[in-house]
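The structure appears right after this line, and notes come after that.
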Amino acid sequence: MSENNFEQNIVLANFTTWRIGGPAKFFLRAKTIEDIKHAVAWSTEKNMQYFILGGGSNLLVNDDGLDGLVIKVQNDSLEIIDEGDTKLLKIGAGALLSKVFVSAKCDGLIGLEWAFGIPGTVGGAVCGNAGAYGENIGMLVESIDILRSGESIELSSEECQFSYRSSKFKSVDNQDIVISVKLRLKKEEQSKIDEAVKSVMSSRQGRHPHEPSAGSVFKNIELKNYPEEFQKLIPANKIKSGFLATAYLIDECGLKGKQIGQIKVSDIHANYLVNLGGGKASDVKKLIEVIRSSVKEKFGIIINEEIVFL
Ligand SMILES: Cc1cc2nc3c(=O)[nH]c(=O)nc-3n(C[C@H](O)[C@H](O)[C@H](O)COP(=O)(O)OP(=O)(O)OC[C@H]3O[C@@H](n4cnc5c(N)ncnc54)[C@H](O)[C@@H]3O)c2cc1C
């Protein structure tokens with residue numbers, strides 16, 4: 001590959017759901033695994049930093065952008081193999097999670113309903129172990145193909161180290177690139193699938209802002225990991241399966257509607273910081289610190305981000 005294969009000075013705000021982010025010096029839409037391999041080899045040869053981008057829906061890109069290469073993963077193949085009472089879905093990492101959910105539903109498969117309304121790619125979902133309503137993609141993963149130092153390697157679900165909104169691919173020093181994912185889903189009667197989808201749709205309806213955002217900025221709180229004094233402050237009806245929505249804490253701090261620049265704590269969902277138009281990453285970061293310190297002051301605990309920073 002040569003420099004001619006790459007687009008240059010591409011504004012990343014156009015590739016994030018937050019609509020925030022400066023330019024990437026080089027940018028490649030990688031439609032095949034070979035494209036990804038070549039791009040990584042090229043940037044390594046040039047001693048240039050590269051970043052793997054999926055749907056940009058869990059990401060805050062800084063205002064200066066990246067003096068390096070952004071590889072937008074777009075290999076979106078989908079193969080469905082019938083195996084008795086289950087089917088195996090072999091999915092390119094660049095496939096949209098929403099499209100895979102629709103294909104699975106139409107194919108009489110249950111288990112991905114929670115994915116309704118979640119933007120982004122399957123690769124991004126694996127990286128952050130995306131999920132909702134107590135379910136997540138890690139629960140469905142049979143194996144993952146990754147690219148490590150130019151070699152394709154298959155990892156089992158255990159080797160991916162899935163945990164709440166995390167996996168081994170989310171660690172700061174991760175170099176692995178998810179190139180394809182195998183999910184196993186159960187066959188089910190269409191009426192039961194429709195019922196499950198309806199239930200997720202009604203849970204999400206009206207609870208999520210429409211302005212540009214990256215979804216929940218902070219991870220929810222797994223109460224068992226926090227001190228007893230804090231747990232005692234939380235009303236029992238706010239705890240679901242051992243988790244507390246961080247939105248509750250932000251709301252209790254009176255921060256709904258708080259605005260810095262064009263970034264505002266959503267009035268609908270306090271864990272969403274929405275971009276009112278032309279918002280800056282620097283303002284998101286300032287608002288994140290205001291929220292973190294307010295929660296620390298009122299509840300005595302530190303809350304951690306779910307989003308990734310570039
Ligand atoms: C309106 C809205 C609602 C949301 N609701 C939910 C929700 O209910 N539950 C939930 O879990 N999330 C939710 N999110 C967050 C987000 O959609 C998910 O985290 C999504 O799975 C991120 O995927 P992505 O492709 O956009 O990843 P990106 O944002 O592009 O990337 C996120 C991270 O994954 C890495 N990555 C991406 N692709 C690969 C790959 N192929 N190999 C290695 N690393 C990779 C990136 O380098 C980055 O570190 C929501 C977001 C929005 C905007």
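For Lys264, the aspartates and glutamates whose Cα falls under 15 Å of its own Cα, not counting residues fewer than eight places away in the same chain, are Glu211, Asp251, Asp283, Glu289.
Shape class for region 196-310: oblate, because the ratio a/c of the largest to smallest gyration tensor axis (alpha-carbon atoms, square roots of eigenvalues) is 1.5 or more and b/c is at least a/b. Once both labels are positioned 7 Å from their Cα atoms along Cα-to-Cβ, the gap between Ala132 and Asn4 label points is 4.6 nm.
Solvent-accessible surface of the chain, averaged per residue with a 1.4 angstrom probe and all protein chains in place: 48 square angstrom. For region 221-309, the share of accessible area belonging to carbon and sulfur comes to 48 percent (1.4 Å probe, ligands and nucleic acids excluded).
For region 3-73, the share of accessible area belonging to carbon and sulfur comes to 44 percent (1.4 Å probe, ligands and nucleic acids excluded).
Potential lengthening of the chain between Ala236 and Cys106 amounts to 42.9 nm, from the contour at 0.36 nm per residue minus the alpha-carbon distance. Using a probe of 1.4 Å on the protein chains alone, the accessible area found for Met48 is around 40 Å². I'd like the carbon and sulfur percentage of the solvent accessible area for region 77-195, probe radius 1.4 Å, heavy atoms only, ligands and nucleic acids excluded. Looking at region 77-195 in its full context, I get 50 percent from C and S. Ranked by solvent-accessible area (1.4 Å probe, protein heavy atoms only, all chains present), the residues Leu96, Leu60 order from largest to smallest as Leu96, Leu60.
Just check the chain against the gyration tensor rule for me: Cα atoms, a ≥ b ≥ c as the square roots of the eigenvalues, rounded for a/c under 1.5, and otherwise prolate or oblate depending on whether a/b exceeds b/c. Oblate shape, in that a/c is at least 1.5 and b/c is the bigger or equal ratio.
Using only the Cα atoms of region 88-202, each taken as one equal point scatterer with no solvent, compute I(q) by the Debye sum, divide by I(0), and report log10 of the ratio at q = 0.15, 0.18, 0.23 Å⁻¹. Evaluating at q = 0.15, 0.18, 0.23 Å⁻¹ gives log10 I(q)/I(0) of -0.61, -0.86, -1.32. Every Cα-Cα pair of region 3-73 was included, and the share exceeding 21 Å stands at 19 percent. Cross-link pairs exceeding 19 Å in C-alpha to C-alpha distance, out of Lys37/Lys87; Lys258/Lys296; Lys232/Lys258; Lys31/Lys99, comprise Lys37/Lys87; Lys232/Lys258.
The values are calculated or read from the model by the stated rules, or taken from the named source; none is laboratory data. The model shown is predicted, which means the values in this text are computed figures rather than measured ones. Glycine also receives a Cβ, built like all others from the backbone with ideal geometry; neighbour counts cover every protein chain displayed. Heavy atoms of the whole protein, side chains included, go into the accessibility calculation; ligands, DNA and RNA do not. Shrake-Rupley method; radii C 1.70, N 1.55, O 1.52, S 1.80 Å.
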